[in-house]
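Worksheet: the structure to be examined is printed underneath.
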Amino acid sequence: MTTRLRVLDDGAWISVNDSREVRVSELWRLDAPDLCECALADLVVENFQSVGVDGSTVEARVYGQCIACGATGTTGWVPIGRVRGGEFAGLDRSAVRRVRR
Amino acid sequence: MPTDVENWKSEVYGNDIRDRLFEFAEEGYDSIPDDERDAWFERFKWWGLYHQRNGQEGYFMMRIGTPNGVLEPGQLRTVGEIADEYARGPGVNPIFGDAYADFTTRQSIQLHWIELSDVPAIFEKLEANGLSTQQACGDSWRNIVGNPVAGKDGQEVIDAWPVIRELNETFKGNDDHANLPRKWKVSVTGSADGSGQGDINDLAFEPAYKAVEGGGDGGDSDGDGDESGDVVGFNVRVGGGLSRNEPRLARDIDVWVPPERVPDVAGGLSALFRDYGDREDRYNARVKFLVDEWGADEVRETLQAEYVDFELETAGRDVREEYTYNTGEGERNDLIGVHDQKDGRNFVGLNVLVGRMGASDVLDLADLAEEYGSGEVRLSQRQNVIVTDVPDAALDDFLDEPLLDHYSPDPSPFMRGSVACTGTEFCSLSIVETKNRQVRFARWLKANVDLPDDVDEFHIHLSGCTASCAQPQIADVSLRGMKTRKDGDPVEALDVGLGGGLGENPQFARWVTQRVPADEVPGAIANLVESFAGERDEGESFRAFVARHDDDELDAFVDPEETDYEDPMMHNTKRTWYPYAENDSMEDAPPTPADD
């Protein structure tokens, strides 16, 4: 089954199968050593740069800022949810996300 | 690989969108197939329609492009009537009510809660009155900006209004320029005050004198020459813009152009952008990045070699040293107040706090413009309105009108200097609530903070995100939406920048303090102003004060602090369907209009 993934509205949304699913302006906990030196980055999601899929995991590259240290930049691929049976289930907002380089 | 947007544009774009738009309007919002909505919403932008954010399905923001901010007699009334009849939705704003018009930083007008089924009737009324939404958004020529009082301004070097009208007529609906890699923002200014803000546009024409073969009339009063006999025309700059944390000042490409050649050069540069701009990465698509890559010389060389069939003149003698608009220094930082027109009448700039005006006030202002002026109204890039053509004999009575108690020609500096973008009320990109917050900020600052007696302007711009629609980088105090944690909980916050402004030597704000919880921002500004008042040199402007301090010193001046200011929007307003609704959760979102 094909999954349609899109970045919409100039980076404001990730759309999965024509449904806006993941928005900017959330705070994500990230294990992202390439972004900053914090043990866990506390990232304000400001803009989605691209979206892809790895197996059933939907991933995005995100521009944002760690509010713990102030570092800004674009992450590697960050999991944002899974697609099973054509249905998307987003990661819980409190989940710690590990960046795939 | 082309982006989704480029693929959608390659299928249908430009003028061709209109027929389908009207079919959808006729058949109802639900007639847009689910798997085509994203594509059509992207295309509708070309006709000035943005689908509002999640939770507001089926409602659109409509942008009306008013070239140079000029609303000819009768047109403001048309806008007010449309706002009153069509711009009402399920969300009621606690400050502005349920029908209003927003005047934007690009001299356009935005209406909200527009239903698709009403679009044909609105277009018919707009177009019958000489107004249009065409290319107000989307990847093409946007609304052309400039000095809003072009043709009337006593400080004018050359009347740019005929040039702007010609550009508008040439490039709106022009299939050759309808599908660009990204938006294309053009400024044409003929005044010596810099109020066209060309430095922050993709393409800027600024007044300049040039000694050319044939010469000018020299020293005459109709604006086509000066005492030296030089001809007045425009210098050309390319590649300015503020968005995406990548602000750029437009680069001087060493070209002077006479007024009659402006369409050729503008069209050449638009075509250059069309052909060489990046269509594979929308974040890299704006022409400012192409200028970064090529340099100004290569832009000029390519324009000359491939896009114009005459020899380009080198840049002329500009008047940038006279620029005052948005400089933070000297006179006429804005166009508020009573000013002389060159025909002996007056234009009166009125403060519209954060650019939003209720529909009934829009209609009342249209009445006043007809009663005291010619009926014409113009819009500035500081979200304010200007009533033109007021004779001296009518001036006092006009200034005594009760409506001007609210839209003042002599407001508090904190009201006068407030600019805000749309924010999370309607915008998908914004990180924080903005317009109502800036109103609360301005009111609190007016009541609690005293500027030095000789400081009568203080610009505070609040933008909800890095898209920078409120032009935060060119304000005295720049506020940009962010998040932080307060007592462990996520809250809306603002980054604080200082000392931005335009002028002969424009300067972007320096972001000195990050992630201030929104409820501590008024206290931070109060402390900053107190430090400024106490430590400034005599007569020193705020911008100069900022310039002589380093970032750490400025950060210490900002000093965030809780005060009696209360902010009701500290939570994540993006997770609401409408931040001011009593029941604001997404589950309480209204049905789409088609489901009523």
Quiz item: Accessible area lost on pairing A with B, both sides, 1.4 Å probe, Å² to nearest 100?
Solution: 2600 Å²
Quiz prompt | Separation between Cα centres of region B:56-131 and region B:502-517, rounded to whole Å | solution = 32 Å
Quiz item: Are there cysteines in chain B with no other Cys C-beta under 4.7 Å, and if so, which?
Solution: B:Cys137, B:Cys427, B:Cys465
Self-check item: Span per principal axis, largest first, for the Cα atoms of region B:91-206 (Å)
Solution: 45, 38, 28
Quiz item: Sorted by accessible area with a 1.4 angstrom probe, largest first, how do B:His406, B:His461 fall?
Solution: B:His406, B:His461
Practice problem: Name the residues whose placed amide hydrogens come within less than 5 Å of the amide hydrogen of B:Ala493, ignoring near sequence neighbours (fewer than 5 apart) on the same chain. | Solution: B:Met482, B:Lys483, B:Thr484, B:Ala518
Quiz item: Near the amide H of B:Gly48, under 5 Å away, which other amide H atoms are found, from residues 5 or more places off or on another chain, if H is placed in the peptide plane?
Solution: B:Gln135, B:Ala136, B:Cys137
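Give the relative contact order (percent, whole number) for region B:275-404; include only Cα pairs under 8 Å separated by 6+ residues.
17 percent
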Self-check item: Orientation-averaged projected area, Cα convex hull of region B:4-128 (nm²)
Solution: 8.5 nm²
Exercise. Could you give log10 I(q)/I(0) at q = 0.06, 0.09 Å⁻¹ for the protein assembly as shown, computed by the Debye formula over C-alpha point scatterers of equal weight, without solvent?
Key: -0.33, -0.77
Quiz item: How big is the Kirkwood radius of region B:337-404, worked out from every pair of different alpha carbons and given in Å to one decimal?
Solution: 12.0 Å
Self-check item: Cα-Cα P(r), region B:406-452, percent of pairs per 10 Å interval
Solution: 26, 44, 24, 5
Quiz item: Along the charge dipole of region B:415-575, Cβ charges K/R +1 and D/E -1, which of B:Val496, B:Asn572, B:Ala533 sits furthest on the positive end?
Solution: B:Asn572
Self-check item: Size of charge dipole - chain A - debye, nearest 20, with Cβ of Lys, Arg +1 and Asp, Glu -1, no other charges
Solution: 260 debye
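Determine the relative contact order of region B:221-311: mean sequence separation of Cα pairs under 8 Å and six or more apart, normalised by residue count, in whole percent.
RCO, region B:221-311: 26 percent.
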Exercise. Determine the share of region B:441-593's accessible area contributed by carbon and sulfur atoms, expressed in whole percent, with a 1.4 angstrom probe.
Key: 40 percent
Quiz item: In peptide B:479-487, what is the residue-averaged number of other protein chain Cβ atoms found within 10 Å of each Cβ?
Solution: 3
Quiz item: Taking +1 at the Cβ of each Lys and Arg and -1 at the Cβ of each Asp and Glu, which of B:Asn201, A:Ser94, B:Tyr372 sits farthest along the dipole of the protein assembly as shown towards its positive end, judged by Cα position relative to the Cα centre?
Solution: A:Ser94
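Defining a contact as two alpha carbons under 8 Å apart and six or more residues distant in sequence, what relative contact order in percent does chain A show?
It rounds to 24 percent for chain A.
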Quiz prompt | Given charges at Cβ of Lys, Arg, Asp, Glu: chain B dipole, positive-most of B:Gly355, B:Pro452, B:Met61 | solution = B:Met61
Quiz item: Assuming a viscosity of 0.890 mPa s and a temperature of 25 °C, what translational diffusion coefficient in µm² per second does Stokes-Einstein assign to chain B, Rh being the Kirkwood radius over Cα pairs?
Solution: 100 µm²/s
Quiz prompt | For region B:478-489, 3J(HN,Hα) per residue [Karplus equation, 6.51 cos²θ - 1.76 cosθ + 1.60, θ = phi - 60°, Hz, x = Gly/Pro] | solution = 9, 10, 9, x, 7, 10, 8, 10, 10, 6, x, 9
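The values are calculated or read from the model by the stated rules, or taken from the named source; none is laboratory data. Nothing here was measured: the structure is a model prediction, and the numbers come from that model. So basically every Cβ, Gly included, is an ideal-geometry build from the backbone, and we count neighbours across all protein chains shown. To get the accessible areas, we keep the full protein, side chains included, count just its heavy atoms, and leave off ligands, DNA and RNA. Shrake-Rupley method; radii C 1.70, N 1.55, O 1.52, S 1.80 Å.
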